[in-house]
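Below: one structure, written as structure tokens.
A short reminder: the numbers here are calculations on the coordinates, not readings from a lab. In this text the structure is predicted, and so the values were computed from the model without any measurement. Methodologically, a virtual Cβ is constructed for each residue, glycine included, from the backbone with ideal geometry; neighbour enumeration extends over all protein chains shown.
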Amino acid sequence: MKQINLAFALLCTFALLASSCQNNNKSTEVSIEQSLQFDTLIDGKKVDLYQIENKNKVKAAFTNYGGRIISLTVPSQNGEMTDVVVGFKTIGYYVKSSEPYFGATIGRYGNRIAEGKFSIDGVNYQSPPNNGINMLHGGTKGFQYVVWDAKKVDAATLEFTYLSADGEMGFPGNLQVKVTYQLTDDNALEITYEATTDKKTVINLTNHAFFNLNGEGSGTILNHKLQVFADSFTPVDTTLIPTGELAAVKNTPFDFNNPETIGKRIGDNNAQLRNGKGYDHNFVLNGDQKGKQAARVVGDKSGIVMEIYTDEPGLQFYSGNFMEGKNTFKNGSTDEFRTAFCLETQHFPDSPNQENFPSTELKPGDRYFTVSTYKFSVVKKE
């Protein structure tokens with residue numbers, strides 16, 4: 001009990017600090033109430049609350065339910081600590097949420113697999129569909145629903161580990177997974193994904209944080225400026241499964257090679273935007289080097305800049321198209337339509353069924369290892 005009390009005290013300290021920092025838009029204030037509760041049991045395992053902090057007082061809070069990030073406070077252009085990740089104040093909100101992916105570690109397979117079907121070396125496997133006819137983010141009980149083991153390595157580093165048993169959600173092999181979150185002293189959240197298996201399997205891990213760089217509850221994200229370093233993307237059918245084509249973004253609403261506001265072309269008469277009900281697409285990142293820059297986003301009110309670097313070949317951009325105001329965030333606001341966005345580093349959707357996509361197979365004796373970094377700074381004042 002001492003451990004949860006310490007974590008609770010740390011987050012309350014964070015909440016008091018954050019709520020004392022005000023800007024001209026009161027809706028961006030962070031007001032995590034003292035009733036914050038994450039001390040419970042789920043599936044017989046203890047759920048807890050954890051916090052890490054760097055030397056610059058940038059803080060991130062997590063729960064081991066779903067290995068998920070709850071909040072991330074970074075300084076705005078005016079020096080105000082701003083929570084740029086939307087989340088809930090109690091574990092109950094996460095369990096009952098109509099959107100199960102807020103802040104979660106996603107696996108075994110992030111994004112979609114057509115009808116949940118795939119084969120490895122001629123053996124057919126079936127993961128239960130949970131998104132229409134398709135499997136999304138690991139199936140009906142993906143990693144967002146499990147309680148991970150947690151270890152706070154130091155003040156700025158937290159490890160989550162989980163053993164996904166052979167056959168879980170239809171995936172072969174006992175998969176040992178470790179996800180490490182570290183706040184670096186240059187104000188970056190570095191996420192390291194590692195895994196090993198005892199049987200050939202497929203794997204595609206990511207994090208599903210929902211961001212608003214103006215702060216949780218600050219309204220639309222359509223005026224954020226987005227830059228994605230990708231010359232092509234993977235078009236999808238009406239069920240959001242890739243067609244297999246790598247389509248050029250040039251002269252389409254998907255060209256973010258130069259910074260554009262998210263909302264500038266989101267309403268264009270475009271078949272792909274209609275299929276996704278907005279942006280919900282995988283971008284094929286330029287270059288194949290590790291640690292390449294994937295994206296840059298700027299909050300229009302806060303001046304906060306988020307740059308994403310990754311080892312992964314793809315980036316899923318989701319513009320909050322299915323947010324419906326059904327869930328209440330930490331500061332009392334609700335998840336209204338397009339008030340947060342996601343940028344998920346990944347291999348491509350449906351890769352096990354697409355021969356021309358980068359492979360997501362993991363073999364016994366090999367190690368899955370990939371790093372994605374979300375670095376924060378501010379636009380310089382003129």
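Tell me the net charge near E159. Cut-off is 15 Å between Cβ atoms, E159 excluded, with +1 for each Lys or Arg and -1 for each Asp or Glu.
Surrounding charge for E159 is -1.
Within 10 Å, Cβ to Cβ, of Q77, how many net charges do the neighbouring residues add up to if Lys/Arg are +1 and Asp/Glu are -1?
With Lys, Arg at +1 and Asp, Glu at -1, the neighbours total +2.
Cα to Cα, under 16 Å, and not fewer than 8 places away if on the same chain: which aspartates and glutamates meet these conditions relative to K200?
Straight-distance partners of K200: D121, D166, E168, E361, D366.
Report Rg (one decimal) and Dmax (nearest whole number) for the chain, counting Cα atoms only, units Å.
19.6, 61
Which net charge results for the neighbourhood of F369, defined as the other residues with beta-carbon distances under 15 angstrom from its beta-carbon, given Lys and Arg at +1 and Asp and Glu at -1?
-3
Please give the Cα centre distance for the stretch 303-320 versus the stretch 199-223, rounded to the nearest Å.
8 Å
Which of V153, V297, V202 has the fewest other C-beta atoms within 10 Å, and how do the rest follow up to the most?
Fewest-to-most ranking of V153, V297, V202: V153, V202, V297.
For the pairs K96/K330; K152/K178; K225/K330; K96/K277, flag any whose C-alpha to C-alpha distance is greater than 18 Å.
K225/K330; K96/K277, as the Cα separations exceed 18 Å there.
Strictly greater than 16 Å: what percent of every Cα pair in the stretch 27-131 meets that?
More than 16 Å apart: 68 percent of the Cα pairs in the stretch 27-131.
So what is the 222 nm mean residue ellipticity for the chain from helices alone, if each DSSP H run of at least 4 adds -39500 (n - 2.57) and you divide by all residues, rounding to the nearest 500 deg cm²/dmol?
That comes out to -2500 deg cm²/dmol.
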